[in-house]
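Following: one structure in C-alpha cells, then a few remarks.
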Amino acid sequence: MRPSLAAVLLLPGLASAADLEARSRIDAVTVYQSSARVTRVAKVDLPAGDVRLLLHGITDRLVDDSLRVQGTGSARARVFGVSVDRVTGVEAAAGEARAAQERLDRLQDQDRALEDQQKGAATRRDFVDSLRSTYSEERARNMAVRGVSSREWADMVAFVAREREAAAADLRKAEVARRDLAKRIQAAKADLAKLQAKRSETTSTVAVELRAEQAGSFEVQVSYVVPSASWRPVWDARLAAEKQVMALSLHASVEQATGEDWSDVRLAVSTAQPARSLYVPELSPRWLEKPRPRPMAYAASPAQAPMAGEVGRAKAVRKADMPEEAEAKLEAIEAPSAEIAEGLLSATFTAPRRESVDGAGRARKIHLAELPLQAELTRVAAPRQDASAFLTAKATNGTGTALLPGPASVFLGDEFVGRAALPLTPPGGEVKLAFGADDRVKIERKVLERKHETSGLFTKDDVIVYRIRTTVKNLYAAPVSVRVLDLVPVSREEEVKVKVLDGSTPPSEEDPMKPGVRAYALALQPREEKAIELRYEVRFPKGMAVSGLE
C-alpha cells in the first residue's frame, strides 16, 4: 500500500516498535537548478507488529521537512511516521575502522613473515657460497696428504649448485609475494585512512515507523531534497549542409556535492525551481503631497531594518551562473532520447538509461535528446567590416518543446568549428546559428569614387559623393543564397544632409531598428557573379568638421 502524506507526517509514533536495520540504495534522482530530490529504496522482511525501520548512512545535508515515504509489499504495512537522527562519524565508523585496522595488521604480519623467509633464503645462499670457498681452500692445502677424486669434486659442485638454486628460488618467490602483498597493504591503508576521515563526518539515520498486519516482504521508498546539486543544458549543433539539416543534441551537465554518490540511478533533470520564493507581487498606494521638512535622522530599529536574509535571497534568485564552455565530443553511434514530460510550468527529461554521478562535484555530461531540424542555409556578409561570407542556418523549432538556453559546440559535418550560445527558443520560434566563413563565396567591396566638391551661390557647402561597388561570386557548382549587409551613414545634425543617389541597387529590406543599414538578398547560380551599387552624397556647411565619413 502507499500511505498518504498526512499519514506520514501527522500520526503519532509507535512507542513499543522494535528496531529493524535495512540496507538502502539510491534508485532515482531528479535534479533541479540548485537542488535535487533523491529516492532511496530498501527491501526487508517485516515481522508482524510494530517495527521501526532504520536506514543508516544517508547524507546529513538532506532537508528534514522534505522527507516523503511510500511503501508496497505483501506485509500489508502502514506507515505511521518518519524521523531523522544525526549520527557522528566516530560512532558510525568505529566498527569499520577496527575491522580495517585488523585487516591491515594481518597483512603486515604476513609481510614480516615473508621478509623473514627472504632473509633465511639469502642466508642459505651466502652459506653455500662460503662453504664452496672454504672447501676449495681446504682441499687445496691438503692436496699433498690426500688427493680429491673427480667424483668428489662433481658431488661437491652438484650440491652447491642445487642448494644455491633452491635458495635463489625461495628468495624470488618471497620477493614476488611481497610485491603483491605491498599493493594489498597500500589499499588497506587507503581504506583505513578513508574510515578515519569519516570520524569527522556526520551522517543521517532515517527511522520509518511501521505496523505490519502480517509478516511478509516490504519495499519502502524514502525521498528527500538535498542542496549542492545542479544541472545546465549543453548543446551540440551539427549541420549537414548537403541535406540542409541542423541536428541539435541536448545534453545535461550534472554536478553534485551532496556527500553521497549516485550510482546506477534513474536520473532525471527538471526545469522546475522548487527553491524559488513563492510570492505574488502587490502594489501599495503612492501618495502625492506637498514637501514637508525632513525629520531628524534616527537609527532604524531591528524591526524596521531590511532583513539581510530576504535581500540575499532576492540576489540569489536574480543571479545567473555564467555558462561554462562544453568540450566537443563526436558521437559515432546513434544515441537514444530521453523521455520528456511537459508540465504546466516546467519540463522533466528522464535519461534513457541509468546513470552515475559522483558526489565530489565533478560535472557529468549526459545525453538527453537528438532534435533534427530542417534548416534554411544562407551566407551572410558585411564586407564593410569583414570580407568573409559566413554560413548560417535558420530553422523553426518544430519539436513541440522549448529549446533551453545554453552553450553549444558547433560542428560543420564532423568538423568542430567553434562555440555559440543557443537562446531560449519556444515551440514555433526560430533558431539561427553561424557555422563559419565560407571560402567558396567571394566578396569584394571597393570604393570606386570619393569626390569632394563645393556648391552654392551665396552659402558654400562641402559635398562628398561616394560610389561603392560590392561584387559577390559563387564558386560552387550549385546555387547559393547570400545576404549582403551595407550601410549609408545617418546624420544626427540638421546641417548635415545625406542623400542616396540614382544608380544605387535597391535593398531587399531595411531594418527600422538600425537606420541606414541595407540588406541585399542575392540568389546566385553556379559560378555566377553579381554586383551591388551604392551611391550617396553627404552635404554640410563648408569648413564644418564631420565625423563618421567613409
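The values are calculated or read from the model by the stated rules, or taken from the named source; none is laboratory data. Just so it is clear, the model here is predicted, and its values are computed rather than measured. Don't worry about glycine lacking a Cβ; one is built from the backbone with ideal geometry, like all the others, and counts go over all protein chains shown.
Residue-wise test of (1) at pLDDT 85 or above; (2) closer than 29 Å to Ile26 by Cβ.
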residue: Gln304; (1), (2): no, no
residue: Gly309; (1), (2): no, no
residue: Lys319; (1), (2): no, no
residue: Glu339; (1), (2): no, yes
residue: Ala360; (1), (2): no, yes
residue: Thr378; (1), (2): yes, no
residue: Thr392; (1), (2): yes, no
residue: Glu415; (1), (2): yes, no
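Anything in region 104-135 that is acidic (Asp, Glu) and modelled with pLDDT of 85 or more? List them, or say none.
Restricting attention to region 104-135, the residues satisfying the condition of being acidic (Asp, Glu) are 105, 109, 111, 115-116, 126, 129.
Answer for region 104-135, where residues must be acidic (Asp, Glu) and modelled with pLDDT of 85 or more: Asp105, Asp109, Asp111, Glu115, Asp116.
Return the residue satisfying two criteria in turn: it lies in region 451-471 and is of a type in the set (Lys, Arg) and at pLDDT below 95, and of such residues it is nearest to Trp235 (Cα to Cα).
Our first condition is that a residue be of a type in the set (Lys, Arg); within region 451-471, this holds for 451, 460, 467, 469.
Checking which are at pLDDT below 95 leaves us with 451, 460.
Values: Lys451: 51, Lys460: 61 Å.
Per the criteria, the residue is Lys451.
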- request: Check region 179-197 and report whether any residue there is within 30 Å of Leu20 (Cβ to Cβ) and of a type in the set (S, T, N, Q).
  value: yes
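Scan region 348-397 for residues that are among the hydrophobic types (A, V, I, L, M, F, W, C) and farther than 22 Å from Pro427 by Cα and jot them down. Give the steps one after another, and end with the answer.
Initially, region 348-397 is screened for residues among the hydrophobic types (A, V, I, L, M, F, W, C), giving 349, 351, 357, 360, 363, 366, 368-369, 371, 373, 375, 377, 380-382, 387, 389-391, 393, 395.
Across region 348-397, the qualifying residues are Val357, Ala360, Ala363, Ile366, Val380, Ala381, Ala382, Ala387, Ala389, Phe390, Leu391.
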- prompt: From the list Ala188, Ala207, which residue is outside the structural domain of Arg86 (by TED's automatic domain parsing) and modelled with pLDDT of 85 or more?
  reply: Ala188
- prompt: Has region 407-425 got at least one residue that is without any contact (Cβ under 8 Å) to a residue 24 or more places away in the chain and of a type in the set (Val, Ile, Thr)?
  reply: yes
field: Members of region 448-470 found to be surrounded by 12 or more Cβ atoms within 10 Å (Cβ to Cβ) and among the β-branched types (Val, Ile, Thr), listed by number
entry: Val463, Ile464, Val465, Ile468, Thr470
field: Identity of the residue in region 400-416, under 23 Å from Gln33 (Cβ atoms) and hydrophobic (A, V, I, L, M, F, W, C), that ends up surrounded by the most Cβ atoms within 10 Å (Cβ to Cβ)
entry: Ala408
